[in-house]
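The values are calculated or read from the model by the stated rules, or taken from the named source; none is laboratory data. Everything quoted here is computed from the prediction, not taken from an experiment. We place every Cβ from the backbone using ideal geometry, glycine too, and count neighbours over all the protein chains shown. We work out accessible area using only protein heavy atoms, side chains counted, and drop any ligands, DNA or RNA first. Shrake-Rupley method; radii C 1.70, N 1.55, O 1.52, S 1.80 Å.
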Amino acid sequence: MEWLKDSIVIETRGKGLYPITNQISPLLESWQIMEGICHLFIQHTSASLVISESYDPSARQDLEVFMERLVPENESWHRHTIEGADDSPSHMRSILTASSLSIPVDEGKLSLGTWQGVYLFEHRNHSHRRKVLIRCLKIS
Amino acid sequence: MEWLKDSIVIETRGKGLYPITNQISPLLESWQIMEGICHLFIQHTSASLVISESYDPSARQDLEVFMERLVPENESWHRHTIEGADDSPSHMRSILTASSLSIPVDEGKLSLGTWQGVYLFEHRNHSHRRKVLIRCLKIS
Amino acid sequence: MEWLKDSIVIETRGKGLYPITNQISPLLESWQIMEGICHLFIQHTSASLVISESYDPSARQDLEVFMERLVPENESWHRHTIEGADDSPSHMRSILTASSLSIPVDEGKLSLGTWQGVYLFEHRNHSHRRKVLIRCLKIS
């Protein structure tokens, strides 16, 4: 068994789902992992990780609208608004989704289902430089 | 240390919580794992994984009603409705719960709390064949 | 590689976010882990784990109010109320957040982002003794 580590950086340009599957795959190839498990961890509290539908863009658009409506901004009771109306809601949206994901690797690839993709969910309006840690346990 | 892998299939018959703890336990026994960790990963974007109350069925019924109300169907702004009114909400409900779970194994069993059970949460109306990958790191 | 295990107990005094990062760090030190991964698992269905903003207390206060509003108590359709109005909502709030978290360890510390902290989210009104399992794979 071997432990392999790296991180990827995602330059976001406002709220939304950013596909990252294609940034993880080359790492697996360079590490020549055939089998194992890949742990993803996002080092932020205003962006998160999700696995969702990767085929039809309208599914992602609906997820983005949904999150805006489920966690509204500009609520009178919000106190943590020092960085803007999207500040506190960004933390709420983050805890409702994931900070860490563990995805099996088989035959050299993330063992995602046919329609699954891995996404970074940016919850802030402005551009951000987001870091996701990748840690893989290589079995073979 | 040893790496053990398998998958389980759950035949769902519409929305709801399906217990899967009893499908994982026999795998641990056959692998003779006394100690380690078990990673579960669901290969779908319209069904998810949760750990919840396993004793009183009314707790699960409330969770099912809750999810229907928290993420309503037939909203005018839903665009991803090609497979029906439950299509887009199924992805929303999935990202609010879990795609992957990591559960310690001790004394040959999943180290669940007294009232915890592992469930597949089906978010679609029709019957589906759902696949959950099981990957265990066996320490002893 | 080495497998290290322990658990921490958090005595909660009603609903809210309880910081636990500082209960995990001494374990990493005593185990002399420089690099690896740390899996956290909460053995309860009415309390959960989240990673969130650790700097400004108002961020946590907003998260606590948010959860009260997102998952209201005393709904007429709640059936699982044997332990009180906070019973069923505590399970709902738990499945919306996390039961397990996997956090990389680097240079002897949890690889959290600058503003990240690990929290136990208590969803019950009364005092509880909560147990979180800590399982670490030590690489070096």
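In table form, for the structure just shown:
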quantity	calculated
Approximate spin-label separation C:Q32-A:S127, in nm, with each point projected 7 Å along Cα-to-Cβ	4.7 nm
Nearest-first distances (nm) between copies at B:D106, label 7 Å from Cα via Cβ	3.0, 3.0
Charge tally in the Cβ shell below 9 Å around A:M67, where Lys, Arg are +1 and Asp, Glu are -1, A:M67 excluded	+1
Label-to-label distance, nm, for residues given as B:E73 and A:L70 (7 Å Cα→Cβ offset)	1.8 nm
Share of Cα-Cα pairs in the protein assembly as shown lying beyond 33 Å, as whole percent	26 percent
Whole-number Å³ per residue for the convex hull built on Cα positions in the range B:9-85	137 Å³
At 7 Å out from Cα toward Cβ: B:G16 inter-copy label distances (nm, ascending)	4.0, 4.0
Assigned charges on the beta-carbon of Lys, Arg, Asp, Glu; the protein assembly as shown dipole about Cα centre (debye)	360 debye
Chain C: angle of helix C:57-70 to the longest principal axis, Cα-based, in degrees nearest 10	40 degrees
With at most 15 other Cβ atoms within 10 Å, longest stretch of chain A clear of loop chymotrypsin sites (Phe, Trp or Tyr not before Pro) (DSSP)	A:78-140
Between 0 and 90°, nearest 10: helix B:87-96 axis offset from chain B longest Cα axis	40 degrees
C:S25 accessible area, assembled protein chains, probe 1.4 Å, Å²	40 Å²
Estimated 222 nm signal from helices in chain B, with DSSP H stretches of n ≥ 4 weighted -39500 (n - 2.57), rounded to 500	-7500 deg cm²/dmol
Cβ-defined net charge surrounding A:E11, 13 Å radius [Lys, Arg +1; Asp, Glu -1]	+4
Where only C-alpha atoms are counted, convex hull volume of the range B:1-137 per residue in Å³	101 Å³
Separation of the C:S140 and B:S58 label points, Cα + 7 Å toward Cβ, nm	5.6 nm
For C:L40, net neighbour charge (Lys/Arg +1, Asp/Glu -1) across residues whose Cβ lies under 13 Å away	+3
Ascending list, in nanometres, of distances separating the B:S127 label from those of the other copies (7 Å, Cα toward Cβ)	5.3, 5.3
